[in-house]
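The values are calculated or read from the model by the stated rules, or taken from the named source; none is laboratory data. Just so you know, these numbers come straight off a predicted model, no measurement behind them. All Cβ positions, glycine included, derive from the backbone under ideal geometry; neighbour counts span all protein chains shown. Note: accessible area is taken over every heavy atom of the protein model, side chains too, but ligands, DNA and RNA are not part of it. Shrake-Rupley method; radii C 1.70, N 1.55, O 1.52, S 1.80 Å.
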Amino acid sequence: GRCGALQPAQLEALNLEFGRLAPRLFPTARAKLLEALAAAIVSCEALDLQKQAHLLCGIMEQATGSWRACDLVQQDGSSCLSATLASAAAAAVELPSLGSGAQAAAKCLADEPNLAKMRDSRTLLFTFTNVMTNTLTAKARRSQQPATEPTSSSGNNGSQSTTVPKDLGPKTIVTPVVQAWAPGIFALAQSLASLQSAAVPEAAAVVLSTFADMEQRVMLGHRAGGEDLEECLPPGLNARTVRAVRTMLWEIRGAVLKAAHVCITAPGFWVLPEACKWVESLAKTLPMQQPHLADMLLKEVIGPALLASLETSVQPELPATVCSLVVPPLVSGVSQLLRDCWSGAAASAVPTASVPLAREGAIAAAVVSLSRTASRLLSDLSGAGLHQAGIMIIMERHLPRGCNPSSMAEGDNDNGRVIADGGKKSGKKRKNANRNRFAALAQDESMGVGDAAIVKTPLTAPEVPRGAVLSILRERRLRDGVREALVGLLLIPEQETVERALVGLSVWTRQLWNLVCRGEDSTAAAAGVTKGKLLETGELLHSAGDALRVLPQGVLRPVASMLTAPPLVVAGSTHDSADMVGAGKVVDCSAPLASSVQTRWAAYISATKVHGKSGPAPLVSDATQVVFAVLASLMRLFKLQCRKLNLEPALQHMYLCPSLAEAAQVCRGMHNTTEADVEAVLKTLIEEDGATHDAQRSAIRAMLHEASPAFAADLPGPHA
């Protein structure tokens with residue numbers, strides 16, 4: 001079947017035979033047969049997409065019916081789930097003797113009705129995930145060449161008609177099945193996510209009080225975690241039964257998140273009316289989750305929903321709608337959860353039962369993994385995954401001087417041949433071999449105060465963001481939320497987390513500048529500037545001045561504060577999360593968490609040694625990119641202002657750009673930083689004709705190195 005040898009008539013016969021045999025098969029056997037039939041249908045090239053979708057819905061019809069009829073997947077299934085857990089844990093199962101073996105015990109437990117209900121739900125989820133994943137993979141592999149098959153516009157799952165988008169290609173054959181399963185999948189995911197905060201029966205609380213054995217091994221990265229102590233259970237509960245329920249619950253958690261991932265990345269999911277609300281509801285549960293469950297939720301559902309599915313969406317308004325609903329609870333929930341996990345209040349995120357040493361190590365590993373996942377996700381939402389994400393558009397290179405936009409022909413791209421106000425035609429622009437093409441300002445050109453300028457996107461412009469990244473950058477509320485969350489990650493003393501957060505802040509600053517250059521900022525839109533149209537100088541300066549105002553206090557100051565006083569890791573619980581945020585110097589956390597990050601963090605904030613000479617700490621090198629992006633953006637705005645007023649860019653004119661003056665004041669406030677140090681850096685940024693970007697970064701790195709504690713620690717004598 002996988003080789004495409006079966007013909008349509010044979011597949012039709014197999015479909016009918018499967019429908020006759022399926023009710024008498026065990027769920028696991030039915031799942032295997034479903035996967036084989038789906039592979040055969042997808043591999044048959046004689047079937048068009050509409051027929052393939054019809055057959056796929058046919059073989060999945062009984063499984064779809066069983067899934068919809070399950071009590072656990074109803075919209076109000078939270079109470080049903082907790083009751084099922086309690087009944088399964090408290091079941092009076094006739095266990096075999098100790099010498100009967102594990103298989104006999106497993107058979108007795110499987111006969112318990114509530115545990116059987118959970119097992120069947122898990123099997124159905126695995127079936128859906130495997131069939132849909134294999135089908136999408138096979139279609140993607142076969143559609144490497146341009147598709148010549150007609151695209152299905154509708155499908156039939158046996159009970160209702162579903163519209164299929166016409167321009168998503170062969171993958172649309174899974175759309176009817178995905179749309180039939182998605183409501184139940186997200187209802188179960190929501191019920192599972194709400195278990196930690198809901199009032200549950202005592203037996204269910206015992207199940208939730210600690211981790212399953214496989215769950216703990218996954219949290220530890222499948223490393224051996226040592227032997228835990230014997231668990232003390234309330235009277236009437238059997239330890240073996242409780243462990244079986246915990247294991248089943250863990251398997252259902254993983255299965256439902258993987259199934260939700262399949263739904264989100266499959267065609268046709270976002271046309272469902274409640275799709276955005278489902279993802280939003282899961283994002284709102286983040287602060288209530290245990291670290292490893294929140295980590296799974298970010299990786300499997302929320303991250304793909306924002307970064308993978310929205311970029312390929314054919315609905316232009318969808319990214320903005322999803323981001324407006326999902327991003328605010330995402331950034332606030334992740335920030336709150338990480339503050340709790342890295343503070344003395346971390347015990348609230350840990351199960352209430354006595355925690356053995358092995359489980360403390362698992363919790364610490366989960367907190368570190370969650371911090372890194374959140375940092376990578378927020379960095380990607382800032383545009384870190386774009387091609388040439390660190391490149392900034394040089395607007396001055398595309399601003400012709402002495403021209404009047406009203407006298408230019410629409411769509412004219414020849415900047416050297418325009419008609420000036422006096423009616424004179426400028427001669428053809430000659431190339432100057434001695435002129436630095438990469439200079440921000442040309443010394444042989446002048447511009448009057450009232451002259452206009454045109455912004456043109458360079459031919460070598462960086463990749464334009466799309467999907468969620470573009471929607472977040474355009475909306476000030478969303479991009480400020482992502483920025484604040486990245487700033488909050490700087491308080492976490494974990495090397496990889498801070499590295500990615502600094503990358504995210506650097507890219508966020510550069511992408512904000514590029515957004516202003518393209519005229520896509522909300523300020524330009526409010527002023528009536530049409531996106532994609534050429535901007536005049538006044539419009540450009542107004543938009544840039546308003547958008548970049550946040551950089552000194554919102555980006556530069558937090559980075560400078562963290563650099564001059566990096567957080568220190570202390571095992572204990574003498575400060576709460578508010579103290580951690582306010583001080584920014586001491587992070588009290590559990591002993592296993594502190595021991596897991598102390599060594600790498602100490603090396604990250606310490607000076608490097610090369611041939612016996614002290615050099616900047618790795619933290620200083622990473623922070624240099626952020627400080628350079630902030631100062632370079634504000635300096636370019638300052639040069640445009642000087643150019644508008646026909647002034648030579650110089651420090652005595654810095655009052656024209658209050659944001660640049662404020663950034664300079666922030667730099668002067670760093671430890672061991674003088675007025676001369678800041679002026680030297682600013683002069684290097686102004687004189688681009690004589691300084692490369694490497695020289696500018698070197699000047700900033702030297703200033704930051706002298707302000708860091710690592711530099712003071714290497715000073716001899718009383719200065720140390």
* Residues of the stretch 1-85: accessible area per residue at 1.4 Å, in Å²? -> 49 Å²
* Which FRET efficiency, nearest 0.05, do K613 and V464 yield, Cβ-Cβ r, R0 30 Å? -> 0.10
* Asked: For the stretch 233-283, which semi-axes, largest first and in whole Å, follow from the square roots of 5 times the eigenvalues of its Cα gyration tensor?
  -> 35, 12, 6
* Asked: Along the charge dipole of the stretch 3-81, which of L47, L72, A22 sits closest to the positive end, that is, farthest toward it, with unit charges on the beta carbon of Lys, Arg, Asp and Glu (+1, +1, -1, -1)?
  -> A22
* **Vicinal HN-Hα couplings computed from phi for the stretch 289-305 (Karplus, 6.51 cos²θ - 1.76 cosθ + 1.60; Hz; Gly/Pro x)** => 8, 6, x, 6, 6, 5, 4, 4, 5, 5, 6, 8, 10, 5, x, x, 4
* Structure fact -> Here the stretch 554-560 yields Karplus 3J(HN,Hα) values (6.51, -1.76, 1.60; θ = phi - 60°; whole Hz; Gly and Pro given as x) of x, 10, 5, 5, x, 5, 5
* Asked: Extension gain D120-L25, at 0.36 nm per residue separation less the Cα-Cα distance, in nm?
  -> 32.9 nm
* Is the shape of the stretch 634-675 rounded, prolate or oblate, going by the alpha carbon gyration tensor and its root eigenvalues a ≥ b ≥ c, with a/c under 1.5 for rounded and a/b larger than b/c for prolate? -> prolate
* Structure fact -> On the accessible surface of the stretch 1-88, probed at 1.4 Å with all protein chains in place, carbon and sulfur together account for a percent value of 57 percent
* Equivalent-ellipsoid semi-axes (√(5λ), Cα gyration tensor) for the stretch 584-632, whole Å, largest first? -> 25, 18, 7
* To do: Would you kindly find the accessible area of K284, with a 1.4 Å probe and non-protein molecules such as ligands, DNA and RNA excluded, rounding to the nearest 10 Å²?
  => 120 Å²
* Asked: So what are the three principal axis dimensions of the stretch 190-301 from its Cα atoms, in whole Å, longest to shortest?
  -> 50, 33, 23
* Added length on full extension, which subtracts the Cα-Cα distance from 0.36 nm per residue, T321 to H387 -> 21.3 nm
* Integer Hz, Karplus 6.51/-1.76/1.60 couplings in order for the stretch 607-612, x for Gly and Pro -> 5, 8, 10, 10, 6, x
* To do: Output the pairs from K117/K284; K639/K683; K51/K277; K613/K683; K277/K299; K609/K683 with a Cα-Cα distance over 21 Å in this structure; if there are none, say none.
  => K117/K284; K51/K277; K613/K683; K609/K683
* Structure fact -> For the stretch 462-514, the convex hull over Cα atoms projects on average to an area in nm² of 3.7 nm²
* Asked: So, with +1 on the Cβ of K and R and -1 on the Cβ of D and E, and no other charges, what is the size of the charge dipole of the stretch 579-681 about its Cα centre, to the nearest 20 debye?
  -> 320 debye
